[in-house]
Amino acid sequence: MNLRRDVFQAIADPTRRAILILVATQSMTAGAIASNFDSARPTISKHIQILTECELLQPEQKGREIIYHLNGSKIKEIADFIEPFRKMWDDRFNKLEALMKNYKIK
Amino acid sequence: MELKTQVHAEEGKQELFITRVFDLPLRLLFKAYEDPNIVAQWMSTQVIKLENTKHGSWQFETSYDGNVLFSASGVILEFVPDQKITRTFKMENTDFPVQLEFLEFEALENDTSRLTMQIIFKTVAFRDQLLQMPFARGLNMAHNRLEEILKQQ
């Protein structure tokens, strides 16, 4: 459960979200990511490190460079996170609807 | 196809919205919230008390094998038939603080209706924790099922 919390902490930061959006359009090196931000290079490196640690970014060694890719399955996992809660209410409301449709017939 | 029940929980906010369009006229939707017997059926709980009036209170209890698994209660702050219910919600025997719930009912075309539920939490952390609960329970259930299967081997 701790790792999960880390993922949510990771995406809570606006700069890190911006990095994810950037990498979503195109895989790139840390240098290329940093060139899109005004922040100091080490700051961006730290953000990339956090995103990599919680597997939102996947590093790939290409020759002398490391290219960062977006990890789609991890992103989907976050999107699905709210789903059980939604499903719980959806089930209740479906029951309510079915119940009241019969009520109408009476 | 658009989902009938939607949950909106904006990041960093201590509130969430649940909206649902029902294939029911407004009157019947509201009745499902008004009548204790009907509430008990679709919420799968025992309705101990439901005083549908300003300054009234409510209490639900869910038991399994004679043990109370879940118990919640609150007070009703506003009750306007076919329009709105404003109430507090507190889960008993938990550290969750009281929540404030605004339920708004509206009629839509062709005998359909919409419910908008706005829930306000004490902190963002408590909201996120509540959102995680069914998720955590799902994990537990999956784990229990796995154990059962393993036992049968």
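Checked against the criterion of being surrounded by fewer than 17 Cβ atoms within 10 Å (Cβ to Cβ), touching a residue at least 24 places away in the same chain (Cβ under 8 Å), assigned to a helix (DSSP H, G or I) and not small (Gly, Ala, Ser), region A:54-68 contains not a single residue that satisfies it. Take region B:92-134 and flag every residue that is surrounded by fewer than 16 Cβ atoms within 10 Å (Cβ to Cβ) and in a loop (DSSP other than H, G, I, E, B). Result: B:Glu92, B:Asn93, B:Thr94, B:Asp95, B:Pro97, B:Val98, B:Glu109, B:Asn110, B:Asp111, B:Lys122, B:Thr123.
Okay, residues lined up against (1) without any contact (Cβ under 8 Å) to a residue 12 or more places away in the chain; (2) within 14 Å of the chain's Cα centre (by Cα); (3) crowded, with 17+ Cβ neighbours inside 10 Å:
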| site | (1), (2), (3) |
| --- | --- |
| B:Thr19 | no, yes, yes |
| B:Phe22 | no, no, yes |
| B:Phe30 | no, no, yes |
| B:Thr45 | no, yes, yes |
| B:Ile48 | no, no, no |
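Considering region B:58-76 alone, what residues qualify as being among the small types (Gly, Ala, Ser) and part of a strand (DSSP E or B)? Walk me through how you get there before you give the answer.
Step one: of region B:58-76, the residues among the small types (Gly, Ala, Ser) are B:63, B:66, B:71-74.
Selection gives B:Ser63, B:Ser71, B:Ala72, B:Ser73, B:Gly74.
Taking (1) surrounded by fewer than 17 Cβ atoms within 10 Å (Cβ to Cβ); (2) more than 17 Å from the chain's Cα centre (by Cα); (3) within 14 Å of chain B (Cβ to nearest Cβ) in turn, A:Pro14 satisfies each apart from (2).
Counting only residues that are surrounded by 16 or more Cβ atoms within 10 Å (Cβ to Cβ) and touching a Lys or Arg at 6+ places or on another chain (Cβ under 8 Å), region B:78-91 holds 1 of them. Of everything in region B:58-83 that is of a type in the set (S, T, N, Q) and more than 14 Å from every other protein chain (Cβ to nearest Cβ), the residue that is nearest to B:Glu104 (Cα to Cα) is B:Gln83.
Checking each residue in region B:3-57 for being within 11 Å of chain A (Cβ to nearest Cβ), part of a helix (DSSP H, G or I) and charged (D, E, K, R) picks out B:Arg27, B:Lys31. Examine region A:73-85 for a residue that is assigned to a helix (DSSP H, G or I), of a type in the set (Val, Ile, Thr) and either at pLDDT 90 or above or closer than 26 Å to B:Met117 by Cβ (or both), and state whether such a residue exists. Among the residues of region A:73-85, at least one is assigned to a helix (DSSP H, G or I), of a type in the set (Val, Ile, Thr) and either at pLDDT 90 or above or closer than 26 Å to B:Met117 by Cβ (or both), which makes the answer yes.
When region B:98-111 is filtered for residues that are farther than 16 Å from A:Phe85 by Cβ and at pLDDT 95 or above, the ones remaining, listed by number, are B:Val98, B:Leu100, B:Phe102, B:Leu103, B:Glu104, B:Phe105, B:Glu106, B:Ala107, B:Leu108.
The values are calculated or read from the model by the stated rules, or taken from the named source; none is laboratory data. This is a predicted model, so every value here is computed, not measured. Every residue, glycine as well, gets a Cβ built from its backbone with ideal geometry; the counts of neighbours run over all protein chains shown.
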